[in-house]
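What follows is one structure encoded as structure tokens, with my remarks underneath.
Quick note: the coordinates plus some simple rules give every number you see, no bench work behind them. Keep in mind it's a predicted model, so treat the numbers as computed, not measured. Positions of Cβ are backbone-derived with ideal geometry, glycine not excepted, and every protein chain shown enters the neighbour counts.
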Amino acid sequence: MSVFRFFSSIILFSMLSCSGSSTDNHSQQLDNQEDLETINYELKDSSIMKVPYNGITKVVFVDSLSNKLTFTIQENELKTECLSNYNKELKKCEPPSWTEQSKEFKLINDSLDLTFIVQLKTEPDHSGSHPKKFSDKLFLWTVNYPDKVNKESDTKKILESRHALFQCIVDQRTSTYSSHWTPADSSVILGRTFYNVLGEGNNGSENDHSILFNFEYGIISFQDYQSNNWRFSHFPE
């Protein structure tokens, strides 16, 4: 009788163990089903239209002596990249992966050899095997061109030469993160008042060119390499 109870206990224990294992495996399979998909993150049209450089080809800045400085604006087409774990770009988009979309505006002044890049892109909350949350974010970069670089063809060198100046959330989308960049109600810059200003001093950080930015005019002031201050003047027709 004791032998019968012993084997019955073993059988019962085995049944419970297999049942639990099967349930865990099934749950794991369900969790992994999403990882077999490719998620496409696309910028909202409203986010793109918030950038004031759409359709603009030039922008003029002035200094305290009323000297003028003109930047040409190069507007790039929407770009879609396919990424896998740790934001590694894929040539062919296959699961598990996701696509991110971006759009860039380059402000170029050859006399100062100075280029600013305003980039709007979809940004996951974090890197991982398959991010689920994201926002539309704006990034502001400068490019410190290395010597003897071909600005038209040396794409890799130019990317490596980018230096981040500023970033902010344009649209929260599904992100769990909230923007901690609080705009100043107004700022007076070289005699002109600008509103809802973001940048140095307003987000707790500094940047190389003391950039200030708003969504009415884009970059509203900066310092050049000689520490001269420039502020937005107008978009010429």
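Compute the signed sum of charges (Lys and Arg +1, Asp and Glu -1) over the other residues within less than 9 Å, Cβ to Cβ, of Leu138.
Counting the neighbours of Leu138, the net charge comes to +2.
Consider a paramagnetic label point 7 Å from the Cα of Thr57 along Cα→Cβ; state which residues of the range 95-118 have an amide N under 15 Å from it.
Inside the label zone: 108.
Which order do Val170, Val62 fall in if you start with the one that has the fewest other Cβ atoms within 10 Å?
By the 10 Å Cβ count, ascending: Val62, Val170.
Once the piece of chain linking Ser210 and Glu42 is laid out straight, how much longer is it, given 0.36 nm per residue of separation minus the C-alpha distance between them?
57.4 nm is the gain from fully extending Ser210 to Glu42.
Suppose each label sits 7 Å from its Cα in the direction of the beta carbon; what would the Ile189-Ser64 distance come out to in nanometres?
Distance between label points: 1.6 nm.
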